[in-house]
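To start, the structure itself, in structure tokens.
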Amino acid sequence: MADKILVFYGSYRSDRMGIRLADYVVAGLNARGAEAELIDAQAVGLPMLDRMYKEYPQGAAPAAMEALAQKIRGADAFVFVTGEYNWGPQPGLKNLTDHFLEEWFWRPAAVASYSAGRFSGVRSGTLWHSILSEMGMVVISSTLAVGPISQTLDAGGKPTGGPGESLERSFGRFADDLAWWTEAARTQRAQKAPPY
């Protein structure tokens, strides 16, 4: 059974570079036998958070929110690709995730960060660990940190030069860690219902 993994990306910028990393992660996971799908916050287009999915009467949530809730429920694991905005998380990605809660529970999550500079978005990536944990996910210890992104991945999401080679070396461990936790969580859920 292939792992169903949703890869979330949240930039709304017109010249966004992080989509390169999101595309790279999706392609890399699929090449390893997973069923990875990109969820682009800009394409989903949820409004600024007013009501969470669970706050709508059954069947009354906006269509895009309902469709995404079903995808989240059906996924085995998640990857969050995040840039760094003033040492913090991208507002588009945070807004998207905050629309849901119970839908995330009892699955592993991984964080891949990026920036235009040498810090590779790690300050935002670190914040996402606590955010995702609070939302009921088990965050794996392996991370990807890419920067400068324009020197690491080309416009098609292909690794370039020395930074790209470094990313390629790091990706295997990252994917292996996520796969291990994905199998562990799926096995445990099959044996015993979550406590809440």
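Restricting Ala69, Ala64 to those that are hydrophobic (A, V, I, L, M, F, W, C), in a helix (DSSP H, G or I) and out of contact with any Phe, Trp or Tyr (no Cβ under 7 Å at 6 or more places or on another chain) reduces the list to Ala64. Number of residues in the range 90-106 that are buried (at least 24 other Cβ atoms within 10 Å of the Cβ), assigned to a loop (DSSP other than H, G, I, E, B) and touching a strand residue (DSSP E or B) at 6+ places or on another chain (Cβ under 9 Å): the value is 1.
Checking the range 30-44 against the condition returns no match, with no residue being closer than 26 Å to Glu84 by Cα and in a loop (DSSP other than H, G, I, E, B). Which of the residues belonging to the range 95-140 are modelled with pLDDT under 95 and over 16 Å from Tyr85 (Cβ atoms)? Hit for the range 95-140 is Arg118, nothing else. In a residue-by-residue description of the range 160-172, the property of being surrounded by fewer than 16 Cβ atoms within 10 Å (Cβ to Cβ) and under 21 Å from Glu35 (Cβ atoms) applies to at least one position. Restricting the first member to the range 165-183 and to residues that are without any contact (Cβ under 8 Å) to a residue 60 or more places away in the chain, and the second to residues that are outside any helix (DSSP H, G or I) and surrounded by 15 or more Cβ atoms within 10 Å (Cβ to Cβ), the beta-carbon pairs closer than 7 Å and six or more apart or on different chains are Glu165/Pro159; Glu168/Pro159; Ser170/Leu144; Arg173/Ser142. Checked against the criteria, Ala43 counts as free of Cβ contacts under 8 Å to residues at least 12 places away in the same chain, out of contact with any helix residue (DSSP H, G or I) (no Cβ under 7 Å at 6 or more places or on another chain) and not β-branched (Val, Ile, Thr).
For the range 124-146, filtered to residues that are on the phi < 0 side of the Ramachandran plot and part of a loop (DSSP other than H, G, I, E, B), the residue that is surrounded by the fewest Cβ atoms within 10 Å (Cβ to Cβ) is Met135. Quick check on the range 77-89. Is at least one of its residues in contact with a Pro (Cβ under 8 Å, 6 or more places away or on another chain), within 17 Å of Phe8 (Cβ to Cβ) and assigned to a loop (DSSP other than H, G, I, E, B)? Within the range 77-89, none of the residues are in contact with a Pro (Cβ under 8 Å, 6 or more places away or on another chain), within 17 Å of Phe8 (Cβ to Cβ) and assigned to a loop (DSSP other than H, G, I, E, B).
From the list Ala64, Ala77, Ala41, the lone residue that is in contact with a strand residue (DSSP E or B) (Cβ under 6 Å, 6 or more places away or on another chain) and modelled with pLDDT of 95 or more is Ala77. Please indicate, with yes or no, whether at least one residue in the range 14-24 is surrounded by fewer than 17 Cβ atoms within 10 Å (Cβ to Cβ), charged (D, E, K, R), part of a loop (DSSP other than H, G, I, E, B) and at pLDDT below 95. So far as the range 14-24 goes, yes, one or more of its residues are surrounded by fewer than 17 Cβ atoms within 10 Å (Cβ to Cβ), charged (D, E, K, R), part of a loop (DSSP other than H, G, I, E, B) and at pLDDT below 95. Sub-6 Å Cβ pairs linking a first residue in the range 133-145 that is farther than 30 Å from Glu165 by Cβ and without any contact (Cβ under 8 Å) to a residue 60 or more places away in the chain to a second residue that is in a strand (DSSP E or B) and of a type in the set (S, T, N, Q), at least 6 apart or interchain, number zero.
The values are calculated or read from the model by the stated rules, or taken from the named source; none is laboratory data. Model, not experiment: these values are computed from the prediction. Because the Cβ atoms are built from the backbone with ideal geometry, glycine has one as well, and the counts that use them run over all protein chains shown.
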